[in-house]
Number of protein chains: 2
Amino acid sequence: MPSTIYTPAKLKPGTLRITPIGGLGEIGRNMTTFEIDGKILIVDCGVLFPEEHQPGVDLILPDFTPIKDRLQDIIGVVLTHGHEDHIGAVPYLLKLRPDIPLIGSTLTLALIEAKLKEHRIVPYTLTVAEGDLERMGPFDLEFIAVNHSIPDALAVCITTKAGTVLHTGDFKMDQLPLDERITDLRAFARIGETGLDLFMSDSTNADVPGFTPNERDIGPVLESVIARSPRRVIVASFSSHVHRVQQVLDAAYANDRKVVLMGRSMVRNMGIAADLGYLKVPKDVLIDAKKAVNLPDNKLVYMSTGSQGEPMAVLSRMANQEHQIVIGKGDTIILASSLIPGNENGVYRMINGLMKLGANVVHKGNAKVHVSGHAAAGELLYCYNILKPKNVLPVHGEQRHLVANANLAIQTGVPEENTFVAEDGTVFDLKDGYVHQVGQLDLGFVYVDGSSVGEITEADLKDRRILSEEGFISIFVAVDKQTGKVLVGPEIQARGFAEDEAVFDAVVPQVIKALEDAAKNGTRDNVALQQVVRRTVGRWVNTQHRRKPMIVPVVIEA
Amino acid sequence: MPSTIYTPAKLKPGTLRITPIGGLGEIGRNMTTFEIDGKILIVDCGVLFPEEHQPGVDLILPDFTPIKDRLQDIIGVVLTHGHEDHIGAVPYLLKLRPDIPLIGSTLTLALIEAKLKEHRIVPYTLTVAEGDLERMGPFDLEFIAVNHSIPDALAVCITTKAGTVLHTGDFKMDQLPLDERITDLRAFARIGETGLDLFMSDSTNADVPGFTPNERDIGPVLESVIARSPRRVIVASFSSHVHRVQQVLDAAYANDRKVVLMGRSMVRNMGIAADLGYLKVPKDVLIDAKKAVNLPDNKLVYMSTGSQGEPMAVLSRMANQEHQIVIGKGDTIILASSLIPGNENGVYRMINGLMKLGANVVHKGNAKVHVSGHAAAGELLYCYNILKPKNVLPVHGEQRHLVANANLAIQTGVPEENTFVAEDGTVFDLKDGYVHQVGQLDLGFVYVDGSSVGEITEADLKDRRILSEEGFISIFVAVDKQTGKVLVGPEIQARGFAEDEAVFDAVVPQVIKALEDAAKNGTRDNVALQQVVRRTVGRWVNTQHRRKPMIVPVVIEA
């Protein structure tokens, strides 16, 4: 569905230009640029995780094209919170210009600094907290507490001479959060009364009716599941979900069990959270994996990653009996996490595997062991009504989420023509309370694969999909430069097609004959001869096997 | 998780041997064999659809190994209903012995006959209906009406001198079905009173609490969605869901709209259902696609397949703007179907695409436009209580479903030791009310790919997965037989790795040097030289690119 691409006119002084670079049309790689009077402010810079039609890709980055030639004009990157889809692309941005200042809360900056350390980058940072006001060139920033599935998340209100924009980052409106840090509706009310020109809000759960339940409801469930478990308990969750881990630590402590943290990111993140005081570890509850073997099974809780069925994570390896912890009857597994769409097969395969080993598997489907981190429709309605924004640009969501969020805005009285369902690269200008779409950039997916960034193309992915569906057949032939006679080969190799290579005995004489016929007709050109081989093998494989493997002919003249 | 494989002892006369060949540990390829006194009865013979870790596979069949040498002893195949996961493998079984009788209801046999016609097989059939009693050799069969998401489904009660087994097929207990044909609980009561030795029941929804809502609840929702739609309505559903299509026809008729059936299987199945009286087409409501173009958009309903986001189906092609029907603002799409796990990404991609074109998309998530075809936990409890079976073998489900179903049996008082969570190939003997596991066969997945059946191996699939993740690099070299000098090549080809082949310029001299060094050290063996090439290219690609593509070296001596 290609949109009409058009370049915006040159930005006039005193007008604010807003360009979502990522996060619209996808859950991930969130990034927006704000530009006024020659200066650019960025909000978030995250990664997107690939789907199954993007095989082998490690990460997907926002397309930095619009800012590549403007690096010196960037005055800072506001990071709303520490999740990968908001901070994961920062190392790739800082590789372009390492001294771009990063602005965020204590925990957010600690998490990005740990990540940057792996890339050997020491960033320039500015720590902010809720209530803080910062002037960054033409941008006046106010930071506002929001509640999310990671502590210390912030919304940012950006005021310029062109108008005021409120960007929520990710948030929900839990009224009884564990850390008592609620989304600051008073601040929203004040901004609404002053007049909000543009509201950009998290759309993830806009199509979920009602309200996200309280995180606090999960604690008692965890505690009772652990209390009833005859043997070990293994809890899997996201490695940055400090409050979820807090509840597991508390439930374990209440049941006189010790907790072992498992998985590199879990150990690292909880170390940071505990050091900074976000995670309050009950006395002596955490122990080392090595010491755990000396304790009885019913005194142990393992806290691990791998809730999405990731094949290399601890939990999948347990399900496949490839981990030193051997799951058996009486063990209880708790998946205290959402099931991210697309991961179902992997997660259910893991659950089936764990159950086959005798474990009891507790998950969102059969117990209240997870709540979402995002505001549902009911919560968003509160926001629209207290803010009464002049214009609305839903962010952070697939098309279905953006449309649902826009419809909520319209229902609360925002005029339909002021409600924008946009996509990555849509360019908006704001001035005097009016927002207009002024351009549509042609932005792509930037694939990270191994050490390569942006080298893997859509054509490579298409090749991979064909290879995965059908495998390939390669045919090598060397022909005499003068006579066209076949000197070496055809040497046929195939993978993913059939194990028995004797299957190709039938086509070898056909290839030789086709090449010799072509030679007789005067064809000497390599490319043309390769076409002859491709056609011959293609026809044979289609007729004999009703299959369409990739055919890779190589004809060399010697 | 390999189970202990052991061969059962020879079957004693007068004992009934029950072997689930497929459908345990998976939703699909349902098939069970019953053997007594040298005669074999089969219940169902379905296919399984592949998951993403089985790329390129068209279908998966049950492993016929246990019956391959016993074909003449098979006295018939009972087909409980006409869904692919119960009848889809029949053509492959009949290719082994075409005159195996097929036993089923009118609609079931009509659907399998249509399928067999494509394979040019005319089967021997025995039509049965609810209440019918048939003696087939040592098996006394009673057929019992059950309600499901396709009309004319039957459970079968198998009585032999060894005892009585009730196999439900797929079912639910809708108490207000459209065709007023309810699951016959009176028959269940009678069988329970006589004494049921083994109950084999559908586990699909055993982990869903409560009761499946009534199909009848959907009609008014469909009708009101259609009434409110300003333009065309496109409804997608499974092509065999006669009652769902019935409700769409009725809702269209009530709204003075015409219906166009789209998709080959939809047209074929509804033709059969209408001919046999299962689908009651309101007067003149069906029209041809060609005539539809002459009607205003708000007088049309399209009834199509493709609810699972299948890329080649009508609906995905509409979303991708590859269909003659161009979706636009005001069009309404109704997905009157479940979202089968694993299809989420594809379905959401399709929904996002349709919404981006301006369509309103109504689905299970935002309106009551679908109910399941399978009994939930509450319904299964009714069955256990009215039947009071001595032994229970849950079928038709993944491990998590089988375990949930077994737990329901245990909760109603079936002793835990008489409740069997088994897998494909587990062999049970029944005699005098006692069921024992007597063996575990080693059964595999039989993959259909193009015209090949059982030729694609797990190794091929592993190759395909590697190819899809990483692509491949093939290197062809011809070396002099005498000197080991490189005569031709290295000629490098890659797919799914990088588009720019200049990337390999760096490794070519390394390959030549490695081969010449090997030659100097006296290595002449092809396989050893191929290893040299593989190692050289592998090391280079790992160091330079941090990637692990499949490396396919070919070294030829000339």
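The values are calculated or read from the model by the stated rules, or taken from the named source; none is laboratory data. Just so it is clear, the structure is predicted and the values come from calculations on it, not from any experiment. Cβ coordinates were reconstructed from backbone atoms using ideal geometry, including for glycine residues, and neighbour counts include every protein chain displayed. In case anyone asks, the SASA skips ligands and DNA or RNA and just uses the protein heavy atoms, side chains included. Shrake-Rupley method; radii C 1.70, N 1.55, O 1.52, S 1.80 Å.
Structure notes:
- Note on the range B:285-325: residues that are hydrophobic (A, V, I, L, M, F, W, C), in contact (Cβ under 8 Å) with a residue 12 or more places away in the chain, in a loop (DSSP other than H, G, I, E, B) and open to solvent by 10 Å² or more (accessible area, probe 1.4 Å) amount to 4.
- Among (1) touching a residue at least 40 places away in the same chain (Cβ under 8 Å); (2) within 11 Å of another protein chain (Cβ to nearest Cβ) - the single one A:Arg524 does not satisfy: (2)
- Condition check for A:Gly56: among the small types (Gly, Ala, Ser) and within 19 Å of the chain's Cα centre (by Cα): yes
- Condition check for B:Val503: without any contact (Cβ under 8 Å) to a residue 12 or more places away in the chain, in the same structural domain as B:Pro549 (by TED's automatic domain parsing), out of contact with any Pro (no Cβ under 8 Å at 6 or more places or on another chain) and surrounded by 15 or more Cβ atoms within 10 Å (Cβ to Cβ): yes
- If you go through the range B:241-256 and keep only what is open to solvent by 40 Å² or more (accessible area, probe 1.4 Å) and closer than 24 Å to B:Gly82 by Cβ, you end up with just B:Asp250.
- Taking the listed residues B:Leu116, B:Leu141, B:Leu107, B:Leu111, the one that is in contact (Cβ under 8 Å) with a residue 24 or more places away in the chain, among the hydrophobic types (A, V, I, L, M, F, W, C) and part of a strand (DSSP E or B) is B:Leu141, with no other qualifying.
- The listed residue being more than 30 Å from A:Ala376 (Cα to Cα), under 23 Å from the mean Cα position of the chain (by Cα) and among the small types (Gly, Ala, Ser), out of A:Gly88, A:Gly76: A:Gly76
- In the range B:434-451, the residues that are farther than 30 Å from A:Val541 by Cα form Cβ pairs under 6 Å with partners that are among the charged types (D, E, K, R) and open to solvent by less than 40 Å² (accessible area, probe 1.4 Å), at six or more places apart or across chains, as follows: B:His436/B:Asp429; B:Val438/B:Asp429.
- Annotation: B:Arg268 fulfils all but one of (1) surrounded by fewer than 23 Cβ atoms within 10 Å (Cβ to Cβ); (2) in a loop (DSSP other than H, G, I, E, B); the unmet one is (2).
- The residues of the range B:449-474 that are more than 10 Å from chain A (Cβ to nearest Cβ) and of a type in the set (Val, Ile, Thr), listed by number, are B:Val453, B:Ile473.
- Scope the range A:144-163; condition of a type outside the set (Gly, Ala, Ser), touching a residue at least 24 places away in the same chain (Cβ under 8 Å) and either assigned to a strand (DSSP E or B) or closer than 28 Å to A:Asn269 by Cα (or both); matching residues: A:Ile144, A:Val146, A:Asn147, A:His148, A:Ile150, A:Pro151, A:Asp152, A:Leu154, A:Val156, A:Cys157, A:Ile158, A:Thr160
- Scanning the range A:475-502 for residues that are small (Gly, Ala, Ser), more than 7 Å from chain B (Cβ to nearest Cβ) and either part of a strand (DSSP E or B) or more than 22 Å from A:Ala514 (Cβ to Cβ) (or both) yields A:Gly489, A:Ala494.
- Pair list, Cβ under 8 Å, 6 or more apart: the range A:212-233 residue open to solvent by 50 Å² or more (accessible area, probe 1.4 Å), other residue acidic (Asp, Glu): A:Arg216/A:Asp174; A:Glu223/A:Asp250; A:Arg231/A:Asp297; A:Arg231/A:Asp331
- Within the set B:Val537, B:Val527, B:Val555, the sole residue that is at pLDDT below 90, surrounded by 16 or more Cβ atoms within 10 Å (Cβ to Cβ) and closer than 29 Å to A:Asp480 by Cα turns out to be B:Val555.
- Elements of type helices (runs of 4 or more DSSP H) in the range A:14-102, at least 1 residues being assigned by TED's automatic domain parsing to the domain that holds A:His148, touching a Pro at 6+ places or on another chain (Cβ under 9 Å) and within 19 Å of A:Asp424 (Cα to Cα): A:90-96
- Options B:Ala514, B:Ala478; residue that is free of Cβ contacts under 8 Å to residues at least 24 places away in the same chain and hydrophobic (A, V, I, L, M, F, W, C): B:Ala514
- Residue identified as among the hydrophobic types (A, V, I, L, M, F, W, C), closer than 28 Å to B:Gly433 by Cβ and within 14 Å of chain A (Cβ to nearest Cβ) among B:Leu48, B:Leu59, B:Leu24: B:Leu24
- So A:Gln437, is it away from every other protein chain (no Cβ under 12 Å), over 30 Å from A:Ile492 (Cβ atoms) and touching an Asp or Glu at 6+ places or on another chain (Cβ under 9 Å): yes
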